[in-house]
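Structure first, commentary second.
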Amino acid sequence: MTGRSAAVTQAGAWIAVEGLSRRFGRREVLREVALELPQGAFLLLLGANGAGKTTLLRILAALLPPSSGRAEVAGHDIRTEPVAVRRAVGYVGHTPLLYRDLTAAENLRFYADMYGLPDPSARTAEMLDRVELRRRSHDAAGELSRGMRQRLAIARALLHDPSVLLLDEPYGGLDDRAAAVLDRILEEQAGRTTVVLVTHEPARPMRWATAVREVRDGRLHPRDVHVLDAGRR
Amino acid sequence: MAGRQLIALLRRDLLLETRRLQTVLSMVIFAVVAMVVVRYGWSADLQGPSGASFPSGDTAPVGEAGPTVGAVPAAMLWVIFVFAAMLGLSRTFAHEREDDCLDGLLLCPVDRVLVFCAKAITNLALLLVMQVVAIPVFGLFFLEGSAVRLLVCTPVVLLADIGLASVGTLVATMVLHARSRDLVLPVVLLPLLVPVVIAATSATAAIVDRGAPLADVLGRLGFLAAYDAVFLVLAWGTYGLLMRD
């Protein structure tokens, strides 16, 4: 990849975070966070509500600048190359980031154009097929169920084939079918896309996890995978 | 790619607006109702510079006193336009807020200036749609026989609208994250629009009332063009910073 910084190249990390802190007013949400993930890694990020998981994800997506420290995503510094970072990242947040008055197809077509994809119509149709929403492509996003909107949000995030996928509680509120679609997509992405998945229910995505961390007191702590495995069984 | 992104942004804004028609309808209704109120509730007190009163039923010398617009109705016209514009400008980022799509937009690898251009062009289009309805109503109510002179005002309207749309979009972005943005927007925006209103009012009055040719109001047109240029350059230079979290 062109433009990769020396630091990331040397470390071989696809996501590299060092001494990262973020304050909101006096409150320090993240403190001296350090993280290194190789390409294709699958990180489960756990933690209580308000622990700073979403803040870390938003910083990695170049949606929020850190107060101090540095982070590189896909070889690009989030401060100096935010556009390149955004091009490399697919992000699913708490809300689907879809226009409720546009149809499912119009929403994806809009984002396909914004990412400059070569054949936006074909890519839109392909992604609608992938999340099993082809039959609802002409329905307004606001008329879709919560699970369908979440599937559409995942299609939006994957539209430009990102090398990094940041998912903030993607299983939240999903029915079995929607969860199964998400399982299938994560199965396909695991190993070829670097994934950071924030969740309160680690059992389901544990099968793909290559690392597990917990955000506590604004810091990242290793989490015992065996305990989680035992819980899953 | 920038051209394609700009077209995509414009198409999205226009699709969203045409699906609901909330903004443009509220602007049109406000402008027309305000003119009706002035026409039938206040017209007897309005005097043109030649002393002819505005047409008000059987006491008005409709179409006989020649041009009947003075500075007051021209100012009224532009004040109505500014407040109608405010209705649209306050909804500049309404869809991004309602649907929580601002993050989606910020995630896209798009030059923020293109977002400004799309929003400003959309606001300009909404203004023009409102004026296509409101200006004939103004002509019908206040000019009657000389309404055709309003056509000469087209460059004034276009230049003033570009100013309204560009400054309005800039300020709407500045207050995007403010809690009381609906209150803050007019407080910040209206003082900035005073020069536009004064220049547009005097140019409109000169053209429609005195029948002055465009050449006679070139100074005011030049002022409006300079105002537009200043704020467009300002937006170009600062919009990336304004759109950051």
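General observations
- Relative contact order, percent, chain B [alpha-carbon distance under 8 Å, six or more residues apart]: 26 percent
- Pair-distance distribution of region B:87-199: all C-alpha pairs, bin width 10 Å, starting at 0; shares per bin in whole percent are 13, 38, 30, 14, 5, 0.
- When Rg and the Kirkwood radius Rh are both evaluated on Cα atoms of region B:2-244, their ratio Rg/Rh stands at 1.01.
- Value of relative contact order over region B:83-211, rounded to a whole percent, pairs C-alpha under 8 Å and six or more apart: 34 percent
- When the Gaussian network model of chain B links Cα atoms closer than 10 Å, the mean-square fluctuations of B:192, B:224, B:143 top out at B:192.
- Value of [θ]222 nm, deg cm²/dmol, for chain B, DSSP H segments ≥ 4, -39500 (n - 2.57) each, nearest 500: -24000 deg cm²/dmol
- Rounded to the nearest 10 degrees, the inclination of helix B:181-210 to the longest alpha-carbon principal axis of chain B is 40 degrees.
- Stokes-Einstein diffusion for the protein assembly as shown, with the hydrodynamic radius set to the Kirkwood value over Cα pairs and evaluated at 10 °C in a medium of 1.306 mPa s, equals 63 µm²/s.
- Residues considered: B:216, B:100, B:228. Largest GNM mean-square fluctuation over chain B, using C-alpha springs under 10 Å, is found at B:100.
- Amide H within-cut-off set for residue A:30, under 5 Å, with H built and near neighbours excluded: A:22
- For region A:1-149, the relative contact order is 19 percent, taking Cα pairs closer than 8 Å that sit 6 or more residues apart in sequence and dividing their mean separation by the residue count.
- Table column - 3J(HN,Hα) (Hz), region B:110-121, Karplus curve with 6.51, -1.76, 1.60, x for Gly and Pro: 10, 5, 4, 4, 5, 5, 4, 4, 5, 5, 5, 5
- Estimated from helices alone, the mean residue ellipticity of chain A at 222 nm is -9500 deg cm²/dmol (sum of -39500 (n - 2.57) over DSSP H runs with n ≥ 4, per residue).
- Taken one residue at a time, the phi angles of region A:35-42 give Karplus couplings (6.51, -1.76, 1.60, θ = phi - 60°) of 7, 9, 10, x, 4, x, 5, 10 Hz. Gly and Pro are set to x.
- Cα gyration tensor category, rounded, prolate or oblate, for region A:1-128 with a/c compared to 1.5: oblate
- For chain A, the longest principal axis of the alpha carbon atoms and the long axis of helix A:120-130 meet at an angle near 80°.
- Residue by residue, region A:206-218 carries 3J(HN,Hα) couplings of 4, 4, 9, 5, 9, 7, 9, 10, 10, 8, 9, 6, x Hz when phi is fed to the Karplus relation 6.51 cos²θ - 1.76 cosθ + 1.60 (θ = phi - 60°); x denotes Gly or Pro.
- Fraction of antiparallel bridges per DSSP, the protein assembly as shown only, in percent to nearest 5: 50 percent
- Across peptide A:93-99, the average count of Cβ atoms from other chains found within 10 Å of a residue's Cβ is 6.
- Ranked by how many other beta carbons lie within 10 Å on average, peptides A:98-108, A:196-206 from highest: A:98-108, A:196-206
- Shielding value for A:75-86 is 1, the average number of Cβ atoms from other chains within 10 Å of each residue's Cβ.
- Within a Gaussian network of chain A (alpha carbon springs, distance under 10 Å), most fluctuating of A:215, A:195, A:89: A:215
- Averaged over A:100-112, number of beta-carbon atoms from partner chains that fall within 10 Å: 4
- Taking the DSSP beta bridges with both ends in chain A, the antiparallel portion is around 50 percent.
Quick note: the coordinates plus some simple rules give every number you see, no bench work behind them. From a predicted model like this one, the values you see are computed outputs, not experimental measurements. Heads up, the Cβs are rebuilt from the backbone with ideal geometry, glycines too, and the neighbour counts pull from every protein chain shown.
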